[in-house]
Amino acid sequence: MYNLLKGKKGIIFGALDENSIAWKVAERAHEEGAIFVLTNAQVALRFGTIDELAAKTGSQVIPADATSVEDIQNLVDKSMEILGGKIDFVLHSIGMSVNVRKGNHYTTQNYEYTKIGWDVSAVSFHKVMGVLYKSNAMNEWGSIVALTYMAAQRVFPDYNDMADNKAYLESIARSFGYFFGRDHKVRVNTISQSPTLTTAGKGVKGIDGFLNYAEKMSPLGNATALECADYTISLFSDLTKKVTLQNLFHDGGFSNMGISQEVMELFMDKEEE
Ligand SMILES: NC(=O)c1ccc[n+]([C@@H]2O[C@H](COP(=O)([O-])OP(=O)(O)OC[C@H]3O[C@@H](n4cnc5c(N)ncnc54)[C@H](O)[C@@H]3O)[C@@H](O)[C@H]2O)c1
């Protein structure tokens, strides 16, 4: 380990179980010397195994529904008390679509569900940054990261309304990142991660197909949750101080591929091979 986050204080949203990307980020942040508060929605605290992670990393858990500004304010205030000062890094690792859960097709969404998914998956990022900004809770040269997926730029039909939520999320990172950078010297980025087998990942119809296709298309293969955590740590560290307003692809090269030989071979006529 490199002590990359020695003395840094953070808030990590979204660790549900050991498969969660946020779980791996918490483990890696702990190894790199950070102290942090873990948070998730009350219901996730009941069904998940976050207490195990808290014990392992010497962290406290504060419940917060990321759609509630009141909950987020309480979280930020208590985190500063517990950690003894302002925050250096925040991970937003939250996503949920009710339309996906209920099996509604993209073309026939229930718009009440659409609103809930949008609030949880995208607007919550604005709410988190809104509270941090207003409370002046971030240290200068702090770093805020949210996780996203390439369906924000390109069509992946089964990603459903999460594609639109991710596009909105990425736009919030740029728009809020401007004010956070100008006024507090805090950077804001999104990491666009490969498909990964987590609870949220498994919720996407055809995730196996996504995974296998992306694996065959990417020169370096799919990025794992642990590799995503490593990349996130680099963005929380002082080694990336001037990186901001970016959507950063962490996908083994998938996003810049047109076609790979491996995938092409699946479509060749036998005599041409
Ligand atoms: N798994 C993938 O294939 C993949 C790929 C790219 C990006 N991502 C993104 O990574 C992030 C983390 O997802 P994951 O794959 O680790 O799955 P996960 O299911 O482990 O994490 C999602 C988290 O969101 C939390 N959450 C849901 N509603 C909430 C609310 N109202 N308030 C607070 N928290 C709430 C859940 O409790 C859970 O901890 C998400 O933004 C997801 O879209 C995932």
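No value in this document is a laboratory result; all are computed from the given coordinates. Because the structure is a prediction, the values reported are computed rather than measured. All Cβ positions, glycine included, derive from the backbone under ideal geometry; neighbour counts span all protein chains shown.
Please specify each residue of region 182-221 satisfying the condition of being touching a Ser or Thr at 6+ places or on another chain (Cβ under 9 Å) and more than 19 Å from T148 (Cβ to Cβ).
Correct list: E215, K216, P219, G221.
Does D88 satisfy the condition of being outside any helix (DSSP H, G or I) and either among the polar types (S, T, N, Q) or touching a residue at least 12 places away in the same chain (Cβ under 8 Å) (or both)?
Working: outside any helix (DSSP H, G or I): yes; either among the polar types (S, T, N, Q) or touching a residue at least 12 places away in the same chain (Cβ under 8 Å) (or both): yes.
The answer is yes for D88.
With respect to L5, is the statement that it is within 9 Å of the ligand (Cβ to nearest atom) and either farther than 21 Å from K202 by Cβ or without any contact (Cβ under 8 Å) to a residue 40 or more places away in the chain (or both) true? Reasoning before the result, please.
Values: within 9 Å of the ligand (Cβ to nearest atom): no; either farther than 21 Å from K202 by Cβ or without any contact (Cβ under 8 Å) to a residue 40 or more places away in the chain (or both): yes.
Here the answer is no, as L5 does not meet what is asked.
Could you check how many residues of region 169-228 are closer than 18 Å to T240 by Cα and among the β-branched types (V, I, T)? Walk me through it before giving the result.
Step one: filter region 169-228 for residues closer than 18 Å to T240 by Cα, giving 173-174, 177-178, 180-182, 184-192, 227-228.
Adding the requirement that they be among the β-branched types (V, I, T) leaves 186, 188, 190-191.
Final tally of qualifying residues: 4.
Restricting attention to region 241-260, report how many residues are in a loop (DSSP other than H, G, I, E, B) and surrounded by fewer than 20 Cβ atoms within 10 Å (Cβ to Cβ). If you could, list the steps in order and put the result at the bottom.
Just the residues of region 241-260 that are in a loop (DSSP other than H, G, I, E, B), to begin with: 241-246, 251-253, 257-260.
Subset that is surrounded by fewer than 20 Cβ atoms within 10 Å (Cβ to Cβ): 241-243, 245-246, 252-253, 257-260.
The number of residues fulfilling the criteria is 11.
Run L4 past the list (1) of a type in the set (A, V, I, L, M); (2) part of a helix (DSSP H, G or I); (3) touching a Leu at 6+ places or on another chain (Cβ under 8 Å) and report the number of the one that doesn't hold.
(2)
Looking at A54, A122, which one is closer than 24 Å to T224 by Cα, more than 13 Å from the ligand (Cβ to nearest atom) and assigned to a helix (DSSP H, G or I)?
Numbers: A122 fails: more than 13 Å from the ligand (Cβ to nearest atom).
Exactly one of A54, A122 is closer than 24 Å to T224 by Cα, more than 13 Å from the ligand (Cβ to nearest atom) and assigned to a helix (DSSP H, G or I), namely A54.
Is it the case, given these coordinates, that Y106 is closer than 23 Å to S192 by Cβ, among the aromatic types (F, W, Y) and out of contact with any Gly (no Cβ under 9 Å at 6 or more places or on another chain)? If you could, list the steps in order and put the result at the bottom.
Working: closer than 23 Å to S192 by Cβ: yes; among the aromatic types (F, W, Y): yes; out of contact with any Gly (no Cβ under 9 Å at 6 or more places or on another chain): yes.
Yes.
Just give me the residues in region 57-72 being part of a helix (DSSP H, G or I) and over 20 Å from the mean Cα position of the chain (by Cα), in sequence order.
E70
Under 18 Å from N40 (Cβ atoms), surrounded by 18 or more Cβ atoms within 10 Å (Cβ to Cβ), in contact with a strand residue (DSSP E or B) (Cβ under 9 Å, 6 or more places away or on another chain) and touching a residue at least 24 places away in the same chain (Cβ under 8 Å) - does that describe any residue in region 146-163? Break it down into steps so the answer makes sense when it comes.
So the first thing to find is which residues in region 146-163 are under 18 Å from N40 (Cβ atoms), and the list is 146-147.
From the residues that got through so far, the ones that are surrounded by 18 or more Cβ atoms within 10 Å (Cβ to Cβ) too are 146-147.
If we keep only those that are in contact with a strand residue (DSSP E or B) (Cβ under 9 Å, 6 or more places away or on another chain) as well, we get 146-147.
Of the ones still in play, those that are also touching a residue at least 24 places away in the same chain (Cβ under 8 Å) are 146-147.
Yes: one or more hits.
Failed condition for V61, given (1) crowded, with 19+ Cβ neighbours inside 10 Å; (2) touching a strand residue (DSSP E or B) at 6+ places or on another chain (Cβ under 6 Å), with all others met?
Result: V61 passes all but (1).
Here's a check for you: in region 20-41, which residue that is part of a loop (DSSP other than H, G, I, E, B) and more than 6 Å from the ligand (Cβ to nearest atom) is nearest to V90 (Cα to Cα)?
Of all residues in region 20-41, those part of a loop (DSSP other than H, G, I, E, B) come to 20, 32-34, 40-41.
Those still in the list that are more than 6 Å from the ligand (Cβ to nearest atom) too: 32-34.
Numbers: E32: 15, G33: 15, A34: 12 Å.
In this case the residue turns out to be A34.
Kindly provide the set of residues from region 95-107 that are out of contact with any helix residue (DSSP H, G or I) (no Cβ under 9 Å at 6 or more places or on another chain) and part of a helix (DSSP H, G or I), ordered by number. Show your work before the answer.
Of all residues in region 95-107, those out of contact with any helix residue (DSSP H, G or I) (no Cβ under 9 Å at 6 or more places or on another chain) come to 103, 107.
Selection gives T107 alone.
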